[in-house]
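Quick notes on the structure that follows.
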């Protein structure tokens, strides 16, 4: 699936001043690759992926999946499209408190009218939550909740995955587990976009961007080269 | 506690029925040394109420789900019986304006009906549960 | 995991909130339904009383207390008696504008066997009667023989059984329809039988509350005006031409009761409206508050792919479940309390109450449940709108 964002701007009113973050950003994540965007907080990373994921209407610009401008279609169509094609791992805890771990993971597939119990069990095993499948989120640790969010984002095998600070507050083991999982999805053909300030994540990047003051800049070098730079430094 | 909540409710309603039947909502009193027809209906209600209360206590004490369900069925049958006692099984006084018609019988009907509802739910839940256990 | 189970799941995981919302719906439905049933019972009771009397004018002995007694007999079933000379009936009959006229004699028994309560025994004239027979539910063969009686619907004696009055076994040969008035507990018989009852009481040494015989006195005269006659004028002519009596227009008596009834109906209506308003406000604020609490949850649902419509439906379904459960339970409990205790309420309030038909009650029950459902979903509508139009991106970033 070809994804393209053209001249995306989102304007805010801040103390009688209109600021644009992101500011006229054009961006084309590539299927089968992990794209990492880093930058300071407030630089507009999260806003950019929210616009791309179809949950935030940009002030200017358009977002197209193949030939479809997603903000030109009805809310119902867009929601159904998101459910089937976009996996989103939000920042922080995002488990639904009233559902068990298993129900949380199955919810997107139920919404799509599918019954993916088998795949859900595989995912649970992949993220190491198989013993907790009947537990409620309030019984889970921060790392477990994040793994749950990742598994839920993958249940419908989406072609595009957005992850907002997926390794935040996680220990190395948990962080690697999630990043490996995302990398595996890219290898299966999905476009994976990770927004983070975690240097570890950059090691998994095929393409690396930096967001600064609402502007997106490509490093213009491959991740491999970037890794070498870190190693030599 | 959670397991016995319906049993406790059954006991409370049965106790209210028993004690209320000769206090708050008693039938007509005696007149010139003679008890009226409704007095015997009142005695019957008190007796069945007491038996129901004891059964409810037994139901709380027992651990076995099957026995609990069995007793709940018994309680529902007894409470159904208590509803039809005043007026049907044992006749009441002649006039509808009298206490046994206007207070005693409706109170017994309402409490008996609630008791039937609770006991039937209890019995059904118990049967389903014991089916799952076995 | 089924999508349909989602609202139930949410409700189960928030038991206190769910219980509170259900109880509010329960109170609302019980208040509206109970109030409505009482008002309808009052209206039906009054209409039935008016029909039951069947007369345009009732003549009774002069004196305010006699009128009060009559009202007590009619409305509360408190037995009463008062007498005037029998010749009054002939004098009245001579006045123009009367189509039908029938006399009645009131006797009060000290006690019937088995009962502490006094029984109103009414001796009526079978030939001229037009107020008792139309209410016969089980028809007897045409005329009352010795010691035969007709009983009101409020007495447990059934047709064919006997009732012992002063030791005289009286056979019930007819039963009247239920009217919701005090006349439901009266016993009707011929004046001959009344005479025998008075004699029997004297023989057994039981105090009878009257010493005068139905041969000499009567208690009341029921009058139906001729077609086209002015009923008010007729009442005035009776009052002016005949001494020692008062002619009461049944309409006037009804009007007094109707006025009382109006006040009560209005109070119930106002009270119901207050409860309704209060319940709506409480529900509205409860949903509004939870809407703020649940923003993050709904933002997450949005990222999963829930459309605005689906999110609204989720909130509305939850409200319909709580309102529906509460509404149905409320109506059920009200039926369980009001229907059996209607007689007790009637006695305490001294108002004629007659339960509307089962169909009417069911229709009102259904209407009340519908009102509660509408109130619940209307209260939830604002929160449904808010939750389905959240700024998902902003909420997720704030993490609150």
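Any read-out appearing in this document is the output of simple, stated calculations on the displayed coordinates, not a laboratory observation. Since the model is a prediction, treat every value here as computed from it, not as a measurement. Glycine gets a Cβ as well: all are built from the backbone with ideal geometry, and neighbour counts include every protein chain shown.
For this structure, a couple of remarks:
- Cα-Cα separations in chain C greater than 37 Å, expressed as whole percent: 44
- Against the main long axis of the alpha-carbon atoms of chain C, helix C:308-349 sits at an angle near 20°.
- When each of the peptides B:56-63, C:227-234, A:115-122, A:200-207 is scored by the mean number of other C-beta atoms lying within 10 Å of its residues, the order from highest to lowest reads A:200-207, B:56-63, A:115-122, C:227-234.
- On the basis of the beta-carbon distance and an R0 of 41 Å, residue C:178 and residue B:67 show a calculated FRET efficiency of 0.30.
- Estimated 222 nm signal from helices in the protein assembly as shown, with DSSP H stretches of n ≥ 4 weighted -39500 (n - 2.57), rounded to 500: -17500 deg cm²/dmol
- Rounded FRET efficiency, nearest 0.05, which uses the C-beta distance separating residue C:108 from residue B:121 and R0 of 60 Å: 0.75
- The listed peptides C:253-266, C:361-374, B:83-96, ordered by packing as a protection proxy, come out as B:83-96, C:361-374, C:253-266 (highest mean of other Cβ atoms within 10 Å first).
- Separation of the residue C:271 and residue C:137 label points, Cα + 7 Å toward Cβ, nm: 2.9
- Kirkwood Rh, Cα atoms: Rg over Rh of chain B: 1.07
- Modelled FRET efficiency - R0 30 Å, residue A:41 with residue A:135, Cβ distances, 0.05 increments: 0.40
- When the Gaussian network model of chain C links Cα atoms closer than 10 Å, the mean-square fluctuations of C:286, C:25, C:153 top out at C:286.
- Translational D in µm²/s for chain A (Stokes-Einstein at 37 °C, 0.692 mPa s, Kirkwood Rh from C-alpha pairs): 180
- Degrees separating the helix A:117-126 axis from the principal Cα axis of chain A, which is the longest one: 70
- Separation of the residue C:130 and residue A:71 label points, Cα + 7 Å toward Cβ, nm: 8.6
- Annotation for residue B:89 and residue C:65: the two label points, set 7 Å from Cα along the Cα-Cβ direction, are 4.8 nm apart.
- Residues in the range A:193-221 reached by a label modelled at residue A:173 [backbone nitrogen below 17 Å; 7 Å Cα→Cβ]: none
- 15 Å reach of a label modelled at residue C:389, 7 Å along Cα-to-Cβ, counting backbone N of the range C:311-326: C:311-313
- Among C:41, C:158, C:219: highest mean-square fluctuation, GNM of chain C, C-alpha pairs under 10 Å: C:158
- Chain C: angle of helix C:231-241 to the longest principal axis, Cα-based, in degrees nearest 10: 40
- Rounded to 5, the percent of DSSP beta bridges in the range C:63-243 classed as antiparallel: 75
- Residue list for the range C:72-94, given a label point 7 angstrom along the Cα-to-Cβ vector of residue C:226 and an amide N cut-off under 18 Å: C:90-94
- Result for chain C in a Gaussian network model with C-alpha springs under 10 Å: among C:152, C:330, C:277, the largest mean-square fluctuation is at C:277.
- Chain A: relative contact order as a whole-number percent, Cα under 8 Å and 6+ apart: 29
- In the protein assembly as shown, the DSSP beta bridges split such that about 65 percent are antiparallel, to the nearest 5.
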